[in-house]
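Q: Take this structure, written in structure tokens, and hold onto it; I'll ask about it next.
The values are calculated or read from the model by the stated rules, or taken from the named source; none is laboratory data. All values derive from a computational prediction rather than experimental measurement. Positions of Cβ are generated from backbone atoms using ideal geometry, with glycine treated the same way; all protein chains shown enter the neighbour counts.
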Amino acid sequence: MFLNIGPHHPATHGVLHLKTVLDGEQVADVEPDIGYLHRCEEQMCQNNNYRHQIMPYPDRWDYTANLPNEWAYARVAEDLNDIEVPEYAQILRTMSVEFARIMGHMLAVGTFALDVYGDFTATFMYAIRDRELVQNILEDLTGQRMMFNYFRLGGVVWDLPEPREEFFEKVRDFIDDLPEALEEYHDLITTNEIFQKRTIGTGVIDAETAKQYGCTGPVARASGIDYDLRRDDPYGYYDELDWDVVTEDGCDNFARLLVRMREVEESAKLISQCVDLLEDWPEDERDIQSNVPRTLKPDADTEVYRAVEGAKGELGIYVRSDGTDKPARFKIRSPCFNNLHSLEAMAQGEYVPDLIAALGSLDVILGEVDR
Amino acid sequence: MSLAPLQADPVLLPETIARALFGGGDLAIWQEALAAFLGAFVVGNIMLAMTGVAGPWAKRKITAAFTDRIAVNRVGPAGLLIIVADAVRLLGKELIIPEGADRPAYDLAPLVVASSALLGFAVIPMGQIFGVNLMLADPEIGLAFVFAAASIATLGLAMAGYASNNKYSLMGGLRAIAQNIAYEIPLILTAASVVLFTDTLQMSGIVAAQQEPLFTVAGITIPSWFAFVNPFAFVLFVVANLAEVGRNPFDVPEAPTEIIAGYQTEYSSVYFVLFYLGEFLHIFLGGAIIATVFLGGPAGPFLPESLNFVWFVIKIWAVFLFTQWARSAVPRVRIDQLIEIGWKGMLVMSLANLVLTAVIVGVML
Amino acid sequence: MIGVLKSMATTLKHALDGSTFTVEYPDVAPEVSPRFRGVHKFSQERCIWCRQCENVCPNDTIQIVQDDQRNGEQYNLHIGQCVYCRLCEEVCPVDAILLTENFEFTADTKDEFIYNKEQLKNVPWYKDIDPLESREPDRGAWIGEGEGEVDYQ
């Protein structure tokens, strides 16, 4: 039986169309049909100048964890134009990006629970509540709850809000309460036998297949691929901090959930280290931006590809310049795009509910898939 | 344990009405019919009012409590008037009938679902309110009748699923059938283990059998409710009942995130309201069966017997609360796992329970 | 079974402690941080019509019309299209345009969201907070400090 799952389906997390062929209730074939949320993001970036105008747009790609996207653009533009970033700004970037990662993973956990539990599940609301706490902190820091536009070429736009002590206290409160909140999630979902029955051993993708599909981020790490750009291609302040890359060998939906939840712990570890550093930073060395010319015109025909570890995986940007102040070609390598297509391998022979669960565990953001 | 002495036959509701209307003595057939009709009208309205509250208001409030939200509180005191607003909203919507729908079946399905649940209430002893016994009929086969009436709903779901001309609905309908067959049997087998104690299928007899004190702890007398006499059967029954009414973790026929509310997908406006009501009526009917069979019917402390309808209501609301609670915390099982639990787990356990109870009853009584 | 009971206990704990996380919105206004970026406010008295904001705006939200003497005639801002990136405020050398914390605005049709300079001037402050005070520190990155006390009227 041919079944259209989506484009308007409660479990597609946006507008995704899965062309599914069913055998009874088992999935014989599934093909994601994308493009419903295509917003010409690459073209828009090609029509805007490097210096200021592109920066608001990365926030709109992966709209659950926005700041890593900004860093992807900041990194590529800074390498293209040889811009130095002050160390203090790097710490601010690292901290805010880890907050954004927590945001993204919280929503991923919540929506995954929603897919497995059904509507009105408590887990989703608790996840949103914790996400909201992060948003409050980021609102104090960046001035917006979602579309932060916090990064600038050569630094960030704002130092920590005054009074700093209050902000540190707020962050520390959050970090201190986080283990308790995570414990609650473990009580609610991961230790729940029915949940384990639903997720362990379903949506399996082994490491080799995952690599062939180009999966990155939590999806790859849940298949045992030890790959994290924060460690393998260090940027920002990550190589100075003490943290671990989380991997799981389960290859299934459950492992992907566990990776996300453990990554939240790692992010919290990174944030608390960043806060300690920021607190002790000498007052007269708090440079948040380096000196960047008002107009940036990189040499013609320079090509740069730089990637950062977004919440969903390797988020890369390729830019080719043509000597003007706007990129000649702007290409986004989005992790969700590759992760989504591994659904084909995951859902083969599974039941429809597991197809939905696998889709939820991939945590695709259609804004990033279609761009 | 001996059988509790049956109380003097309680006067049923239609008879009470007939006496009030026409005095005592022999009644013509139309008088009896009118009284029965009025009685059914009263009981039906009580249940509909209850679901009317439960559907739009209590469900929101309860779900909100579990998820740290506030829920409706603006329209009327504590948001109670949201019921009116919801009724206007739902009834005011356009009734969209999909092209290619199988007309008589499509139209009848919601009626079947809602009415089958109402039918079940006919034999439920709901206790007394100001001395008036709210029970419509008390046939010998009461318990069997309730289960028979409740399972007609499956027919309605299958009709809806088939007639909607929608693949999701069809899947929902098929799932509903598979689930109901798998869980109806353990449900009835578990109830049968209670019947072994009571020696009767008559609802009033089952209630009467639970009136004796079981034992006394620290001055508190525990009545011989079958939930205390046979807790294992009680747990089995509650779980099977969750599947029977299609609530988490067994809401696979609906499964909004998988098959988009299954058989309901194509229903709107009045038909949707009927489905919605039917669903809640079903939960309450399940609660009423649990209350009658396992929780001593309308019996309860503190209140005089003439008001024990209040206890009955409390009990079925407790079951409703439990379904909502399970919904907030328990994931939905997959359809194959559901069938597996049903046939391999629940059926075996309920059979074991039945045999064990039979042995115990045979040896001890 | 233990795990199922544990998760049910967790939700019950939340149900019984009675605390709520959501607020009754219009009655209880949410906390808005001083840096929050909301609806713009514009002062014609301060504006020097340098058109930097129009240039920097990523999606042409700001439209400025000048006469042949380069005197400003119109300052239109399509608030419904704005992405609230605050770049216009950042580039403005005289703090003539800035983003208030006000996030509430409604209209019946899309074109009502095109605010002219009069409407922009009348955008209310949110809870009488002057956003400039809390945002001051970063301004040195592009241009010199503003001139301190802001008087929009």
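Q: What's the total number of residues in the stretch A:176-228 that are small (Gly, Ala, Ser), away from chain C (no Cβ under 13 Å) and outside any loop (DSSP other than H, G, I, E, B)?
A: Step one: of the stretch A:176-228, the residues small (Gly, Ala, Ser) are A:181, A:201, A:203, A:207, A:210, A:214, A:217, A:220, A:222-224.
Within this subset, residues satisfying the condition of being away from chain C (no Cβ under 13 Å) are A:201, A:203, A:207, A:210, A:214, A:217, A:220, A:222-224.
Narrowing the set further to residues that are outside any loop (DSSP other than H, G, I, E, B) leaves A:207, A:210, A:217, A:220.
Count: 4.
Q: Which condition does B:Gln210 not pass, out of (1) within 21 Å of the chain's Cα centre (by Cα); (2) part of a helix (DSSP H, G or I); (3) of a type outside the set (Lys, Arg), if it passes all the others?
A: (2)
Q: Here's something else I'd like to know. Inside the stretch C:81-111, can you point out the residues that are more than 13 Å from chain A (Cβ to nearest Cβ), assigned to a loop (DSSP other than H, G, I, E, B) and surrounded by fewer than 18 Cβ atoms within 10 Å (Cβ to Cβ)?
A: C:Val94, C:Glu104, C:Phe105, C:Thr106, C:Ala107, C:Asp108, C:Thr109
Q: If only one of C:Thr61, C:Thr20 is under 30 Å from A:Asn192 (Cα atoms) and either within 14 Å of chain A (Cβ to nearest Cβ) or among the aromatic types (Phe, Trp, Tyr) (or both), which one is it?
A: Exactly one of C:Thr61, C:Thr20 is under 30 Å from A:Asn192 (Cα atoms) and either within 14 Å of chain A (Cβ to nearest Cβ) or among the aromatic types (Phe, Trp, Tyr) (or both), namely C:Thr20.
Q: While we're on this one: Using beta carbons and a limit of 7 Å, which pairs, at least six apart or on different chains, have the first residue in the stretch B:248-263 and within 7 Å of another protein chain (Cβ to nearest Cβ) and the second one in a loop (DSSP other than H, G, I, E, B) and of a type in the set (A, V, I, L, M, F, W, C)?
A: B:Asn248/B:Val330; B:Pro249/B:Val330; B:Pro249/B:Val333; B:Thr257/A:Ala11; B:Glu258/A:Ala11
Q: Residues of the stretch A:81-130 being in a loop (DSSP other than H, G, I, E, B) and among the hydroxyl-bearing types (Ser, Thr, Tyr), which ones?
A: Passing the criteria: only A:Thr121.
Q: Can you say whether C:Pro34 is out of contact with any strand residue (DSSP E or B) (no Cβ under 9 Å at 6 or more places or on another chain) and either aliphatic (A, V, I, L, M) or at pLDDT 85 or above (or both), as far as the supplied structure shows?
A: Against the criterion (out of contact with any strand residue (DSSP E or B) (no Cβ under 9 Å at 6 or more places or on another chain) and either aliphatic (A, V, I, L, M) or at pLDDT 85 or above (or both)), C:Pro34 does not qualify.
Q: Could you tell me how many of the residues in the stretch B:321-337 are in contact (Cβ under 8 Å) with a residue 24 or more places away in the chain and more than 14 Å from chain C (Cβ to nearest Cβ)?
A: Matching residues across the stretch B:321-337 total 2.
Q: Now, a different point. I'd like the residue in the stretch B:295-312 that is part of a helix (DSSP H, G or I) and out of contact with any Pro (no Cβ under 7 Å at 6 or more places or on another chain) and, out of all such residues, is nearest to the other protein chains (Cβ to nearest Cβ). If you could, list the steps in order and put the result at the bottom.
A: First, the residues of the stretch B:295-312 that are part of a helix (DSSP H, G or I): B:305-307, B:309-312.
When the remaining residues are screened for being out of contact with any Pro (no Cβ under 7 Å at 6 or more places or on another chain), the result is B:305-307, B:310.
Values: B:Glu305: 32, B:Ser306: 33, B:Leu307: 28, B:Val310: 23 Å.
Only one residue tops the list, namely B:Val310.
Q: Then there's this: Please tell me if B:Lys315 is away from chain C (no Cβ under 14 Å) and surrounded by 23 or more Cβ atoms within 10 Å (Cβ to Cβ).
A: yes
Q: Follow-up question, since we're still on this one. Go through (1) in a loop (DSSP other than H, G, I, E, B); (2) facing chain A (nearest Cβ under 9 Å); (3) buried (at least 16 other Cβ atoms within 10 Å of the Cβ) one by one and return the number of the condition C:Glu31 breaks.
A: Tallying (1) in a loop (DSSP other than H, G, I, E, B); (2) facing chain A (nearest Cβ under 9 Å); (3) buried (at least 16 other Cβ atoms within 10 Å of the Cβ), C:Glu31 fails exactly one: (3).
Q: Could you tell me whether B:Phe272 is surrounded by fewer than 24 Cβ atoms within 10 Å (Cβ to Cβ), more than 14 Å from chain A (Cβ to nearest Cβ), in contact with a Lys or Arg (Cβ under 9 Å, 6 or more places away or on another chain) and of a type in the set (A, V, I, L, M, F, W, C)?
A: Yes.
Q: Do any helices (runs of 4 or more DSSP H) lying entirely in the stretch B:3-105 carry at least 3 residues that are more than 14 Å from chain A (Cβ to nearest Cβ) and at pLDDT 80 or above, and which ones are they?
A: B:29-53, B:82-91
Q: Would you check which residues across the stretch B:304-335 are over 27 Å from B:Gly55 (Cβ atoms) and touching a helix residue (DSSP H, G or I) at 6+ places or on another chain (Cβ under 9 Å) and list them?
A: B:Arg334
Q: Another question, if that's okay. Looking at A:Asp130, A:Asp115, A:Asp173, A:Asp159, which one is touching a residue at least 40 places away in the same chain (Cβ under 8 Å), among the charged types (D, E, K, R) and away from chain C (no Cβ under 11 Å)?
A: A:Asp115
Q: Of all the residues that make up the stretch A:133-151, how many are at positive phi and more than 10 Å from chain C (Cβ to nearest Cβ)? Spell out how you get there, then give the answer.
A: Here is the first cut: in the stretch A:133-151, the ones at positive phi are A:143, A:149.
Applying the additional criterion that residues be more than 10 Å from chain C (Cβ to nearest Cβ) yields none.
Here the count works out to 0.
Q: Condition (residue is touching a residue at least 24 places away in the same chain (Cβ under 8 Å) and within 14 Å of another protein chain (Cβ to nearest Cβ)) applied to the stretch A:339-348: is it met by at least one residue?
A: Applying the first criterion (touching a residue at least 24 places away in the same chain (Cβ under 8 Å)) to the stretch A:339-348 yields A:339-348.
Still in the list and also within 14 Å of another protein chain (Cβ to nearest Cβ): A:347.
Scanning the stretch A:339-348, I find at least one residue that is touching a residue at least 24 places away in the same chain (Cβ under 8 Å) and within 14 Å of another protein chain (Cβ to nearest Cβ), so the answer is yes.
Q: Could you list, in sequence order, all residues of the stretch A:159-175 that are outside any helix (DSSP H, G or I) and out of contact with any Asp or Glu (no Cβ under 7 Å at 6 or more places or on another chain)?
A: From the stretch A:159-175, those outside any helix (DSSP H, G or I) are A:159-163; that's our starting set.
Of everything in the stretch A:159-175, those that are outside any helix (DSSP H, G or I) and out of contact with any Asp or Glu (no Cβ under 7 Å at 6 or more places or on another chain) turn out to be A:Leu160, A:Glu162, A:Pro163.
Q: What is the number of the single condition among (1) over 22 Å from C:Val91 (Cα atoms); (2) within 12 Å of another protein chain (Cβ to nearest Cβ); (3) in contact with a helix residue (DSSP H, G or I) (Cβ under 7 Å, 6 or more places away or on another chain) that A:Cys40 does not meet?
A: Only one criterion in (1) over 22 Å from C:Val91 (Cα atoms); (2) within 12 Å of another protein chain (Cβ to nearest Cβ); (3) in contact with a helix residue (DSSP H, G or I) (Cβ under 7 Å, 6 or more places away or on another chain) is unmet by A:Cys40, namely (3).
Conditions (1) without any contact (Cβ under 8 Å) to a residue 12 or more places away in the chain; (2) part of a loop (DSSP other than H, G, I, E, B), marked per residue:
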residue	(1), (2)
C:Gly3	yes, no
C:Lys13	yes, no
C:Thr20	yes, yes
C:Glu24	yes, yes
C:Arg46	no, yes
C:Val65	yes, no
